[in-house]
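Structure first, commentary second.
The values are calculated or read from the model by the stated rules, or taken from the named source; none is laboratory data. Treat the numbers as computed from the prediction; the structure is a model and nothing was measured. Please note: Cβ atoms are built from the backbone with ideal geometry, for glycine as well, and neighbour counts cover all protein chains shown.
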DNA sequence: TTAAGAACTGAACTGTGATTCAATCCTTGT
DNA sequence: ACAAGGATTGAATCACAGTTCAGTTCTTAA
């Protein structure tokens with residue numbers, strides 16, 4: 001017998017898989033999920049179409065993984081900033097909203113794809129998961145705030161969802177690449193408005209920063 | 001010469017067009033846009049596949065028109081109730097939120113399709129228009145409320161968007177046919193929570209009702 | 001060096017559902 | 001009644017991207 005997969009082989013396979021994933025991510029960031037054909041992804045990552053299928057079951061699975069990776073990274077950043085914000089619910093909520101919105105307004109194309117782009121059902125399932133993550137993060141903050149008397153008592157899950165809805169809907173116009181080829185004039189003001197809205201909705205004064 | 005289209009002809013053509021549209025609407029209401037194949041629509045309306053194409057340019061156009069019709073009717077109802085609510089901004093906002101949410105929780109399948117179902121870009125454009133309609137309606141209410149001192153002063157368009165975002169995001173879970181095959185236990189409580197959230201966000205006490 | 005077999009390639013294939021259109025059926029004016 | 005021409009039909013066609021796989025190239029162990 002002769003050729004058996006070795007460590008080097010496995011490592012390079014992993015590297016190549018990552019490369020395809022990264023390429024797919026780039027393609028999505030550039031043209032959304034709609035523009036992410038398998039051919040385009042293959043070309044971008046410098047492998048053949050067929051190779052894509054040796055690393056991923058099919059296009060759906062690949063795109064779902066792209067979504068998951070991007071969404072997770074995004075969420076992890078937000079969660080980290082929230083964690084760094086200390087114990088004050090108001091500060092934590094401000095961190096959540098500001099970080100979420102700021103980052104969305106930076107990587108607008110990708111943010112739009114993650115939040116709003118029409119996608120297939122499989123990818124949409126990932127989106128649902130992303131939403132749930134944010135909602136759960138919001139829930140802990142809201143619950144703590146209510147317990148601490150910072151926020152008025154309301155149904156926690158519903159309110160957390162409403163906050164995330166308010167934030168993302170406020171961004172739709174600013175993110176949509178059709179509607180707004182150029183970024184909004186004053187992102188900071190937009191974010192401040194959204195933050196204030198949410199704080200009011202929770203029955204708290206916004207923290208200044 | 002002989003056959004020239006007459007009044008009766010034209011009327012029946014219009015009727016048949018409407019029938020196709022209605023059938024398409026039924027199909028969408030039953031299985032979403034994804035399940036609305038031309039074949040299914042044709043069968044439901046009792047005409048041939050080919051005939052569908054003599055009344056509509058293509059599937060996209062037909063589905064876009066289905067969306068538009070359903071969305072317009074929905075919006076018109078809400079707008080009417082808002083109009084009937086008199087001049088008090090708080091009452092009008094309550095009417096907007098309650099009617100929107102109540103109706104969504106009734107026709108859940110269709111509401112989900114209109115608000116959240118993954119759709120093609122052409123249909124999504126109609127969705128954007130629907131959102132804008134609601135936002136504009138909200139804007140007039142919010143602006144009036146601010147002018148009347150009922151609501152605190154905030155950026156009107158952003159806040160109106162945020163309100164609609166809060167309302168619809170709160171409904172996602174309750175509407176998604178995958179997640180929730182059965183309607184929520186207490187729709188009234190859900191709606192009350194959402195309403196309170198929005199009123200707080202606008203700096204007003206909710207009207208009781 | 002060589003053979004076994006894994007990895008890679010991309011043109012051909014496939015599945016799906018929208019779209020077409022020649023044949024047929026109806027409606028109208030004479 | 002009948003011909004002109006519009007309306008209707010639905011099987012055949014098309015379009016298109018995703019998927020496959022026979023042939024080729026590369027990697028390893030002996």
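Here are a few things to note about the model shown:
- Flag for residue B:205 being surrounded by fewer than 24 Cβ atoms within 10 Å (Cβ to Cβ), out of contact with any strand residue (DSSP E or B) (no Cβ under 6 Å at 6 or more places or on another chain), more than 10 Å from every other protein chain (Cβ to nearest Cβ) and modelled with pLDDT of 95 or more: no
- For residue A:162: the one exception among (1) more than 30 Å from residue A:61 (Cβ to Cβ); (2) surrounded by 21 or more Cβ atoms within 10 Å (Cβ to Cβ); (3) more than 14 Å from chain B (Cβ to nearest Cβ): (3)
- Residues (surrounded by fewer than 16 Cβ atoms within 10 Å (Cβ to Cβ) and part of a loop (DSSP other than H, G, I, E, B)) located in region B:132-157: B:149, B:152, B:153
- Any hit, region B:136-158, residues being within 24 Å of the chain's Cα centre (by Cα), within 20 Å of residue A:138 (Cα to Cα) and facing chain A (nearest Cβ under 7 Å): no
- Test: residue in region B:108-131 that is out of contact with any helix residue (DSSP H, G or I) (no Cβ under 7 Å at 6 or more places or on another chain), buried (at least 19 other Cβ atoms within 10 Å of the Cβ) and within 21 Å of residue B:183 (Cα to Cα): yes
- Close pairs from region A:41-57: first more than 14 Å from chain B (Cβ to nearest Cβ) and farther than 18 Å from residue A:31 by Cβ, partner assigned to a helix (DSSP H, G or I) and more than 9 Å from DNA strand C (Cβ to nearest atom), Cβ under 6 Å, at least 6 apart: A:55/A:20; A:56/A:62
Residue by residue, here is whether (1) near DNA strand D (Cβ under 8 Å from one of its atoms); (2) surrounded by fewer than 17 Cβ atoms within 10 Å (Cβ to Cβ) holds:
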site: A:36; (1), (2): yes, no
site: A:43; (1), (2): no, yes
site: A:47; (1), (2): no, no
site: A:53; (1), (2): yes, yes
site: A:67; (1), (2): no, no
site: A:72; (1), (2): no, yes
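- Odd one out for residue B:169, checked against (1) within 16 Å of residue B:197 (Cα to Cα); (2) modelled with pLDDT of 95 or more; (3) under 17 Å from the mean Cα position of the chain (by Cα); (4) within 11 Å of chain A (Cβ to nearest Cβ): (2)
- Which numbered condition residue A:190 fails, given (1) over 20 Å from the mean Cα position of the chain (by Cα); (2) within 12 Å of another protein chain (Cβ to nearest Cβ): (1)
- Residue in region B:82-101 that is within 16 Å of DNA strand C (Cβ to nearest atom), within 14 Å of chain A (Cβ to nearest Cβ) and touching a residue at least 24 places away in the same chain (Cβ under 8 Å) present: no
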